[in-house]
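The next block holds one structure in the form of structure tokens; read it before the comments.
The values are calculated or read from the model by the stated rules, or taken from the named source; none is laboratory data. Fair warning: this is a prediction, and the values are worked out from it, not measured in the lab. Glycine gets a Cβ as well: all are built from the backbone with ideal geometry, and neighbour counts include every protein chain shown. Keep in mind that these areas ignore ligands, DNA and RNA; they rest on the heavy atoms of the full protein, side chains included. Shrake-Rupley method; radii C 1.70, N 1.55, O 1.52, S 1.80 Å.
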Amino acid sequence: MLIRSGRVGGVELEKALTIQEQTGQVLTDILIDEQLASPRDIALTYSDLLNIPFLELDEDFHLKRDEYDMIPESLARRFCLFPLIKEEGISITLVMKNPLDMDAVDTVRSLTSLEIHKAVSTEDRILATIDKCYREEAYVEAGLQDIVDVEVAEGLSAEEGADLGDVDQLLVHANDAPVVRYVNLLLMEAVRDRASDIHFEPGEYNCSVRIRVDGSLRPVTPPPKSLYSAIVTRIKILSEMDISERRLPLDGRFKFKFSGRVIDVRVSSMPLVFGEKIVMRILDKQSLVLDLEDIGFEGRNLKRFKEILGMPNGIVLLTGPTGSGKTTTLYSALNILRSPTRNVQTVEDPVEYLIEGINQMPIRPKIGLTFAECLRHILRQDPDAVMIGEIRDAETAEIAMRASLTGHIVLSTLHTNDATSSFSRLRDIGIPSYLTAATMRLIIAQRLVKKICPNCKTVYQPDAAELEWVRPVFPDAAEWTYYHGAGCNQCRNRGMKGRRAIFEFLEVTPNIRELVHEEVDDLTLRRKAIEGGMETLAENGFNRVRLGETTIGEAISVCQVD
């Protein structure tokens, strides 16, 4: 095949074969070492020979943590390969220098217990990827620890560092190498671990730094207290916030580039007793899920949601606490509505992710541009669909409902514990029941549950106390097979990795509409909805347990069991 493709001549091949007889080396290595063929020629020939993909790995190529955690660095270097997740928990693709190396394939298969697919690339690009990904993690961990032991600038004690009054001096220290390096490394670690937030919290004699991953906070190496004020100032400089103002809460925003992609960071500061607390929200567009099936919609609920989104008018509400994934679901719905034939407009506080083809408008309360004011102007812009970040007051709710009556599909969120209590919540803020009954099409209560790590998923037997939570919902719960995560390097020994949504899906049928119009109480409405076929959050959550996706403890931590 080398000769047929014109990549190697007959004379060159004969020379290589002669050397092989003498040395016993691999033929392809001889061709490359003797410069009779290029590494790219060999890789392309393997691709043709085995009908596998050839990957042209550029400088920006970067593995996800899930991928390079699957096999140790020593094994990756020994066989000159790295893994790519093809189908989580089922198969991986090995990008190899030599895809005929069955010893490498068998070793990885026994280590991961996954189906193996192959791809090929050149040795230099594979090693460069291994260097960048495996060494980066060690670099971050070691770097954060090094900065903790850094020598603080001469004459700057812990007490002075905690309360620097001179803005000019603060600026100098904010641009010191240890401060800049600490902030950069922490941002790198947060993005690498798919964190949603970073919390900087000052104490009297020390400080703490925590990152939120999959909804749970975990501590990371904190800086010395003497550097805390300088680190806060550094973050405020990046966010274009007033560094001299330390008595009032402030908001800001900045962007940085990591592994070839742009990461947006929202920053909020708040004055506490011992200094300013900073919370940084990490907005990684690459991690945004815009597919309803990936979020957790399936079966009839997925079908009906798409059908209702296709209706010419009406309101779709998502309910749940902060951090339950409502915004992600709204963006996924907008992705379905996005079309050259539709004018889709949003009003958000603030705009979290920019989506091509959607007209997104942030509110600005300081200049009087509230949700209600934005909506008034949007309705003059001839929209087909409108997304309102949150219904907070009667004025916003009423304009939204009037918009749905005049031929718009409206999507929004509301803070309630379940789907059925949304109607009483709207009554409480002053919306007449007849208006709610006429406009509401669908209400979805949503929560996020952590998923069992597929790498360390094992069978276990729950105790009687755990089963007592499930039996009222599913009487056959004792017959199920239960799983949990034993803990491994991929999930940092937590046993859980990633999250998925669970739902309570209330379609406003004529029967429900009549009950809303009659202003029945929440319990009656909920009972009638369940009798009409509504699956509760608890039922949906425990179904995830039955399917082996999560644990009983995780399900009951986010669900209200009726």
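Given the conditions (1) in a loop (DSSP other than H, G, I, E, B); (2) open to solvent by less than 40 Å² (accessible area, probe 1.4 Å), and given that Tyr46 satisfies all but one, which numbered condition is not satisfied?
Evaluating Tyr46 over (1) in a loop (DSSP other than H, G, I, E, B); (2) open to solvent by less than 40 Å² (accessible area, probe 1.4 Å) leaves (1) as the failure.
One line per residue, one yes/no per condition, for (1) farther than 30 Å from Ala486 by Cα; (2) of a type in the set (Gly, Ala, Ser):
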| position | (1), (2) |
| --- | --- |
| His517 | yes, no |
| Asp521 | yes, no |
| Ala529 | yes, yes |
| Gly532 | yes, yes |
| Glu539 | no, no |
| Asn543 | no, no |
| Thr551 | no, no |
| Ala555 | no, yes |
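Kindly check whether there is at least one residue in region 425-443 that is charged (D, E, K, R), without any contact (Cβ under 8 Å) to a residue 24 or more places away in the chain and crowded, with 18+ Cβ neighbours inside 10 Å.
So far as region 425-443 goes, yes, one or more of its residues are charged (D, E, K, R), without any contact (Cβ under 8 Å) to a residue 24 or more places away in the chain and crowded, with 18+ Cβ neighbours inside 10 Å.
Looking only at region 5-17, decide whether some residue is among the basic types (Lys, Arg), assigned to a loop (DSSP other than H, G, I, E, B), free of Cβ contacts under 8 Å to residues at least 24 places away in the same chain and out of contact with any Cys (no Cβ under 6 Å at 6 or more places or on another chain).
No, region 5-17 contains no residue that is among the basic types (Lys, Arg), assigned to a loop (DSSP other than H, G, I, E, B), free of Cβ contacts under 8 Å to residues at least 24 places away in the same chain and out of contact with any Cys (no Cβ under 6 Å at 6 or more places or on another chain).
Is it true that some residue in region 447-457 is assigned to a loop (DSSP other than H, G, I, E, B), closer than 22 Å to Arg526 by Cβ and either modelled with pLDDT of 90 or more or open to solvent by less than 70 Å² (accessible area, probe 1.4 Å) (or both)?
No - not one qualifying residue is present in region 447-457.
For region 237-255, what are the residues that are under 25 Å from Leu354 (Cβ atoms), in contact with a Gly (Cβ under 9 Å, 6 or more places away or on another chain) and in contact (Cβ under 8 Å) with a residue 24 or more places away in the chain?
The answer is Leu238, Ser239, Met241.
Of the conditions (1) more than 21 Å from the chain's Cα centre (by Cα); (2) farther than 20 Å from Ala403 by Cα, Leu337 satisfies every one except a single condition; which number is it?
Tallying (1) more than 21 Å from the chain's Cα centre (by Cα); (2) farther than 20 Å from Ala403 by Cα, Leu337 fails exactly one: (2).
Filtering region 518-548 down to residues that are of a type in the set (D, E, K, R) and within 16 Å of Phe503 (Cα to Cα), which residue is farthest from the chain's Cα centre (by Cα)?
Across region 518-548, the extreme among qualifying residues is Arg526.
Just to be sure before I move on: is Tyr482 at pLDDT below 90, among the hydroxyl-bearing types (Ser, Thr, Tyr) and either over 25 Å from the mean Cα position of the chain (by Cα) or open to solvent by 10 Å² or more (accessible area, probe 1.4 Å) (or both) in the structure I sent?
no
Could you list, in sequence order, the residues of region 279-298 that are in a helix (DSSP H, G or I) and open to solvent by 60 Å² or more (accessible area, probe 1.4 Å)?
Within region 279-298, Lys285, Gln286, Ser287, Glu293, Asp294 qualify.
Does region 282-298 hold any residues that are at pLDDT 80 or above and hydrophobic (A, V, I, L, M, F, W, C), and which are they?
Selection gives Ile282, Leu283, Leu292, Ile295, Phe297.
Please give the helices (runs of 4 or more DSSP H) falling wholly within region 488-562 in which 1 or more residues are open to solvent by 80 Å² or more (accessible area, probe 1.4 Å) and at pLDDT 90 or above.
Helices (runs of 4 or more DSSP H) meeting the threshold: 510-517, 522-531, 537-546.
Pull up region 99-121, narrow it to residues that are charged (D, E, K, R) and under 15 Å from Glu67 (Cα atoms), then point me to the one that is least open to solvent (accessible area, probe 1.4 Å).
Result: Lys118.
Please find, within region 364-392, the residue that is least open to solvent (accessible area, probe 1.4 Å) out of those that are acidic (Asp, Glu) and under 30 Å from the mean Cα position of the chain (by Cα).
Among those residues, the one meeting the criterion is Glu390.
Could you identify the single residue in Ile399, Ile409 that is open to solvent by 20 Å² or more (accessible area, probe 1.4 Å) and closer than 23 Å to Val347 by Cβ?
Ile399
Yes/no matrix, rows are residues, columns are (1) within 23 Å of the chain's Cα centre (by Cα); (2) surrounded by 14 or more Cβ atoms within 10 Å (Cβ to Cβ); (3) not in a strand (DSSP E or B):
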{"site": "Glu276", "(1), (2), (3)": "no, yes, no"}
{"site": "Pro312", "(1), (2), (3)": "no, no, yes"}
{"site": "Leu317", "(1), (2), (3)": "yes, yes, no"}
{"site": "Thr328", "(1), (2), (3)": "yes, yes, yes"}
{"site": "Ala333", "(1), (2), (3)": "yes, yes, yes"}
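Regarding region 240-255, can at least one residue be identified that is within 16 Å of Leu283 (Cβ to Cβ), open to solvent by less than 30 Å² (accessible area, probe 1.4 Å) and not in a strand (DSSP E or B)?
The answer is no, given that none of the residues of region 240-255 is within 16 Å of Leu283 (Cβ to Cβ), open to solvent by less than 30 Å² (accessible area, probe 1.4 Å) and not in a strand (DSSP E or B).
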